[in-house]
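> I'd like to ask you about the structure that follows.
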Amino acid sequence: MYDAIVPCKKCSNKVPASSLKMDIDLKMMVCPECVKNKKIHKEIEQDAFHKGDKPSQIQVSAGQTSEAKPDKIGHKCSSCSYKFKIDMKTRKPKNCPYCNARVMGI
């Protein structure tokens, strides 16, 4: 049986129609490569932002309030505008997790 070749709605790659998958977030049919890339970006985002971590709290000691110094700070890549967190103790990541551009000024 013949399977029609159609373009992916996201990246325009020509793929067999039977291999297209429904992307719920984009609300369109996309090729397996776009689905794979989406999973990779989600993993990078989870690693960079540690979505399960709680934000640093204000610590109270001996009647004084002092704000805890955050272990990680937000950073926006100057090349691709990807937002991620940098660990200030280890100064990592040294490169953008999305485009691998060098992080400057940390």
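> Any residue in segment 4-24 that is touching a residue at least 24 places away in the same chain (Cβ under 8 Å) sitting within a Cβ distance under 8 Å of a residue that is of a type in the set (D, E, K, R) and outside any loop (DSSP other than H, G, I, E, B)? List the pairs, counting only those 6 or more apart or interchain.
Filtered contacts from segment 4-24: Cys8/Lys14; Cys8/Glu33; Lys10/Asp23.
> I'm trying to understand the selection: among the residues of segment 85-106, which are in contact with a Cys (Cβ under 7 Å, 6 or more places away or on another chain) and surrounded by 13 or more Cβ atoms within 10 Å (Cβ to Cβ)?
Selection gives Cys96, Tyr98, Ala101, Val103.
Every number here is computed from the coordinates shown, using simple stated rules; none is lab data. Predicted model, so just to flag it, every value in this text is computed and none were measured. Virtual Cβ from ideal backbone geometry, glycine too; neighbours counted across all protein chains shown.
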